[in-house]
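See below for the structure under consideration.
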Amino acid sequence: MNMLQQTLRLLWRDWVLEWRTRYALSGILLYVFATIVLVYSALLDIQPQVWNALFWVIILFAAVSAIVKSFVQESQQRQLYYYSLVHPLALLVAKMIYNTSLLFLLSLLSWLVLAFLTGNPVKDTGLFVLAIFLGSMGLAIAFTFISAISAKAQNSATLMAVLGFPVIIPILLILVKIGANALRLMQDTAIGGDIIILVAINLILLSVSILLYPFLWRD
Amino acid sequence: MQKLIRQHWWKALGVLILIYVFIAGMLIPLKPGITLVNPSSTRTDTEVVVEVEGYNTNFDQAGESIRMWLKMDDERSIAAQQIEVLGPTKAKAAFRIPAYLPSQQKVQDFALIIDNPVDGATVRPNAVLVTQDSIDQELGEQQWKNDPLTNLHVRDGITFPFRNILGETIRNTYFHVSLWLAMMIIFIAAVVYSIRHLRTLSLDYDYWASSLTAVGLLLGGLGLFTGGIWAQYTWGTFWSWDIKQFTTLIALLIYLAYFVLRRAFPDEAQRARISAVYNIFAFVALIPLIYVLPRLTDSLHPGNGGNPALGGEDLDNTMRMVFYPAVIGWTLIGSWIASLMYRSNKIEEQLMDQWEE
C-alpha cells in the first residue's frame, strides 16, 4: 500500500470506530442542549452577539472532547503495531483529516440544533460555512498534534487543555471576527484578508506538525 | 559556547550598557514643551489673551526676548502683540484674531509656537481652535497681515523629545520596548537550540533551550509589567484588553505551558525531545499572534489603528543612542542569566548521576 491508500484506510477505520460508539456525536448534542438550556434560562433571549460567542464556545469544547482521545484511546503497544504496518505520517494525516471532517460535521449539527432552538441569525451562509470549515481544520490540526504530544504523558487530558488553549487563540480570534461578519454584526470589507490569514495559519501549523511528528512518535 | 560562558567581557559589557541606559535614560532632560493653553478655542474678530503653561521652560530667564505666534499653515502666522511672563513656566500672550480668515473651514486650528534664546522654539499643534462667524476666504486673504516666523532659536545640549500625552513617560521606551525586543531575540535563540537538540539529541542543547525560554518568560513578564505602568499614565488603566496586551498574555501562557509540559515527563531524554517539539510548534503558533493579528485590529499601541508607529518623529537620534544599546544590554544580561541556569542544570544532572551510583 502506498501512503495515500494507507491514509484512506486509516480514515475509514476511524469513521467506523466512531460510528460504532457514536461517542463524539452524542457528546456534542449534550453540549449543545446543556449550553442552550443554561444560557436560555439565564438570559431568556439570545442576541446574535451572544449566539456568535456561544457557537464558537460549543465548537471549542466539542473539539477538545472529540480530539483528546485521538492518540489516547489506543494503548502504546497497539500504536507500535500500527507504526510497524503503516507510515507514521499516514497515521497523523489520517487523524487530522478524520478530526477535521468530524468537527465540520459536528459544527454543522450544532448550528442546526442552535438554529432550531434559538432561530438562525446567520445572514451570510456561505461565509459562515467557510468559517466553520477553516475553523474545524485549524482546531483539528492544532489539537491533533497537541494530543499526540500530551498522549506521551500521564494525565494527558489536563495537559492537552493547558498546551492547546493558548495555541488555538489566534484561530479563535479570527473565527469570532468572521462569524460576526457572517451574522452582519459588523461590516468589514477586508474580511478576505482574515480568511487568507486563517488559511495561512492552518497551512503553517500543518507543515510544522508534519515536520515535527517524526521526532515525536518513536519512544 | 563553552568557552564563551566562562569569559567575563560580555557580561561586563551588558552591565555597563545597562548602567549607561539607566543613567542616560533617566537623567537626560526632556525638550521644553507646552502642556496647557487656555482658552483653547475662540472666535474671529476678537482680542484673545491666552494663558500658556510650559514644561521644562525658562520664561523668566528669557524675559523680554520671548516671542509667540499662532501658526495657521506653513505661510501664515499671527504674532503675539503683548507677552506677560508670570514665572518660569507661566506666561500670558495677547493675540488679535482678524475678522475673516483665509480659510474655507468653519473651525480653523492654530499651532502655538514659543521661541526664546534659552529654550529654543517649541510647538504645540492644534493649540487654539478659531470658529469663524462668517466665512469669506478672499476677504480674509486681502486683510491678512502676516507675521512670519523669523530667527527661531535652537536649544543647545542633549534632550529627549517632548510629546504631549507621554511627557516624562517617553523614557519607558528604553525599558518596555527594548525588553520586548530582547525577549523576542531570546525566544528565537531558544527555538534554535530546540532545533539543534532534535538534530543531535544532545541534552546540552535542551538545557540551553529551557534556560533561554525561562529568561524569555522573565523578560516578557517585565515587558508586560512596564507596559502596564505606562498604560496607567497614558491610557488611564493598567489593563484595557488592548489586542497587544491580550496577545502578549496568551504568548506568555504558551511558554508557561512549556514548563508544565516539562514537569509531566520524569524521563530526561523524553522530556527534552517532546518539549523541544512543543517549543518549535508553539513558536510557530506565536508568529500570527504577535505579528499578524495586532495589525488587523484597532489598538491603542503606536503603529496600529492609525496611530503613528515607532520610528519617524517618535524615536529621534538622541533616543536611538539609548534605545539600541538598551536592546543589546537586556539581551546580554538575559544571556548571562540563561548561562547561569544552564550551568546549574548541568551540575544538578551530574550530582544526580553521582547520587544514583
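The values are calculated or read from the model by the stated rules, or taken from the named source; none is laboratory data. Just so it is clear, the structure is predicted and the values come from calculations on it, not from any experiment. As a convention, Cβ positions derive from the backbone with ideal geometry for all residues, glycine included, and neighbour counts pool all protein chains shown. Areas reflect the complete protein model, heavy atoms only, side chains present, ligands, DNA and RNA absent. Shrake-Rupley method; radii C 1.70, N 1.55, O 1.52, S 1.80 Å.
For chain B, with a Gaussian network of springs between Cα atoms less than 10 Å apart, report the residue from B:286, B:261, B:252 with the top mean-square fluctuation.
Of the options given, B:261 has the highest mean-square fluctuation.
Check the straight Cα-Cα distances from residue B:92 and name the lysines below 25 Å, setting aside those fewer than 8 residues away within the same chain.
B:31, B:71, B:145
Evaluated at 10 °C with a viscosity of 1.306 mPa s, what Stokes-Einstein diffusion coefficient in µm²/s does segment B:1-80 have when Rh comes from the Kirkwood expression over alpha-carbon pairs?
Numbers: Rh = 17.8 Å.
The Stokes-Einstein estimate is 89 µm²/s.
Could you tell me how many degrees, from 0 to 90 and to the nearest 10, lie between the Cα long axis of helix B:268-287 and the main elongation axis, the longest principal axis, of the Cα atoms of chain B?
Once rounded, one gets 20 degrees.
For the pair residue B:138 and residue B:47, how long in nm is the line joining their label points, each one 7 Å along Cα→Cβ?
Those two pseudo-labels are separated by 3.2 nm.
Which whole number gives the average, over all residues in A:139-146, of C-beta atoms from other chains lying within 10 Å of the residue C-beta? Don't skip to the end; give the middle numbers.
Working: counts 0, 0, 0, 2, 0, 0, 3, 5.
The shielding value for this peptide is 1.
Residue-wise, which Karplus ³J(HN,Hα) couplings in Hz belong to segment B:230-246, taking 6.51 cos²θ - 1.76 cosθ + 1.60, θ = phi - 60°, and x for glycine or proline?
4, 5, 4, 8, 9, 9, x, 9, 5, 9, 10, 6, 5, 4, 6, 4, 5
Scan around residue B:264 for amide H atoms under 5 Å from its own, H built in the peptide plane at 1.01 Å from N, and keep only partners 5 or more places away or cross-chain.
none
Is there a simple number for the mean count of other chain Cβ atoms within 10 Å of the Cβ of residues in A:152-162, and what is it?
Counting Cβ atoms of other protein chains within 10 Å of each residue's Cβ and averaging gives 3.
Give the calculated FRET efficiency between residue A:189 and residue B:151 to the nearest 0.05, with a Förster radius of 51 Å applied to their Cβ-Cβ distance.
My answer for the efficiency is 0.50.
Packing-wise, with mean Cβ within 10 Å as the measure, how do A:177-184, B:338-345 rank, highest first?
A:177-184, B:338-345
Output needed for chain B: three equivalent-ellipsoid semi-axes, defined as square roots of 5 times the C-alpha gyration tensor eigenvalues, in descending order, whole Å.
57, 22, 14
For segment B:119-189, state the average projected area of the convex hull of the C-alpha atoms over all orientations, rounded to one decimal in nm².
Working: hull surface 38.6 nm².
That works out to 9.7 nm², a quarter of the Cα hull's surface.
Just how large is the dipole of the protein assembly as shown about the Cα centre, in debye to the nearest 20, putting +1 at every Lys and Arg Cβ and -1 at every Asp and Glu Cβ?
2280 debye
In nm, what is the difference between 0.36 nm times the number of residues separating residue B:5 and residue B:316 and their Cα-Cα distance?
Contour length minus the Cα-Cα distance gives 108.4 nm.
Say R0 is 51 Å: what FRET efficiency, to the nearest 0.05, do residue A:89 and residue B:23 get from their beta-carbon distance?
According to the calculation, E is roughly 0.35.
How would you rank A:186-196, B:183-193, highest first, on the average number of other Cβ atoms within 10 Å across their residues?
Listed from highest to lowest mean packing, they are B:183-193, A:186-196.
Between beta-carbons, use under 13 Å as the cut-off and find the net charge around residue B:278, counting Lys and Arg +1, Asp and Glu -1.
Around residue B:278, the charge tally is +4.
Skip the ligands, DNA and RNA, and give the accessible area per residue of chain A with a 1.4 Å probe, whole Å².
Each residue of chain A exposes 46 Å² on average to a 1.4 Å probe.
How high is the FRET efficiency between residue A:105 and residue A:57 when r is their beta carbon distance and R₀ equals 22 Å, given to the nearest 0.05?
The pair residue A:105/residue A:57 has a calculated efficiency of 0.75.
With viscosity set to 1.567 mPa s at 4 °C, what whole-number translational diffusion coefficient in µm²/s follows for segment B:162-227 from Stokes-Einstein and a Kirkwood radius over Cα pairs? Before the final figure, lay out each step's value.
Working: Rh = 13.1 Å.
Stokes-Einstein gives a translational diffusion coefficient of 99 µm²/s.
So what is the relative contact order of chain A, in percent, for Cα pairs below 8 Å that sit 6 or more residues apart?
27 percent
Once you charge only the Cβ atoms, +1 for Lys and Arg and -1 for Asp and Glu, what is the size of the charge dipole of segment A:95-219 about its Cα centre, to the nearest 20 debye?
I would put it at about 140 debye.
Return an integer: the convex hull volume of the alpha-carbon atoms of segment B:35-168, in Å³ per residue.
104 Å³
For segment A:1-56, would you read off the P(r) tail past 20 Å as a percentage of all alpha carbon pairs? Mind showing how you got there, number by number?
Details: 791 of 1540 pairs.
Of all Cα-Cα distances in segment A:1-56, 51 percent exceed 20 Å.
Computing the accessible area with a 1.4 Å probe over protein heavy atoms, can you report the carbon and sulfur percentage for the protein assembly as shown? Intermediate values should be presented prior to the final figure.
Working: 17580 of 27920 Å².
With neighbouring chains kept in place, the figure for the protein assembly as shown is 63 percent.
So which lysines pass the test for residue B:11, namely a Cα distance under 27 Å, with those fewer than 8 places away in the same chain ruled out?
Hits, sequence-local ones excluded: B:3, B:346.
Any idea what diffusion coefficient segment A:46-100 gets from Stokes-Einstein, in µm²/s, Kirkwood Rh on alpha carbon pairs, 4 °C, 1.567 mPa s? Please report the intermediate quantities before stating the final value.
Details: Rh = 13.4 Å.
Rounded, D is 97 µm²/s.
Distance from the Cα centre of segment B:10-73 to that of segment A:174-208, in angstrom?
45 Å
Using 7 Å Cα-to-Cβ label points, what is the residue A:204/residue A:38 separation (nm, one decimal)?
3.3 nm
Once the cut-off is 29 Å, how many percent of the Cα-Cα pairs in chain A end up in the long-distance tail? Don't skip to the end; give the middle numbers.
On the way: 6652 of 23871 pairs.
Across chain A, Cα pairs with separations above 29 Å total 28 percent.
Leaving out same-chain residues fewer than 8 places away, which lysines sit with a Cα under 25 Å from that of residue A:95?
Leaving aside lysines fewer than 8 places away in the same chain, those within reach of residue A:95 are A:69, A:152.
Quick check: convex hull of the Cα atoms in the protein assembly as shown, volume per residue, rounded to a whole Å³?
Hull volume over Cα atoms, normalised by residue count, gives 214 Å³.
How large is the accessible surface of residue B:138 in square angstrom, using a 1.4 angstrom probe and rounding to the nearest 10?
Roll a 1.4 Å probe over it and residue B:138 shows about 140 Å².
Once fully extended, how much extra length lies between residue B:234 and residue B:123, figured as 0.36 nm per residue of separation less the alpha-carbon to alpha-carbon distance? Intermediate results must be reported in sequence, preceding the final value.
Working: separation 111, 0.36 × 111 = 39.96 nm, distance 2.05 nm.
That pair, residue B:234 and residue B:123, stretches by 37.9 nm at full extension.
Take peptide B:246-258, look around each residue's Cβ out to 10 angstrom, count Cβ atoms belonging to other protein chains, and average those counts. If you can, show how the numbers build up before the last one.
Values: counts 2, 3, 0, 2, 7, 2, 1, 5, 5, 1, 2, 9, 2.
Neighbouring Cβ atoms belonging to other protein chains average 3 per residue here.
Which order do peptides B:85-98, B:139-152 fall in by mean Cβ count within 10 Å, highest first?
Numbers: B:85-98: 17.1, B:139-152: 12.3.
Those peptides, ordered most packed to least, come out B:85-98, B:139-152.
Below 8 Å between Cα atoms, with a sequence gap of 6+, how large is the relative contact order for segment B:49-123 in percent?
On the way: 131 pairs, mean separation 28.7, N = 75.
Taking the mean separation of contacting Cα pairs over the length of segment B:49-123, I get 38 percent.
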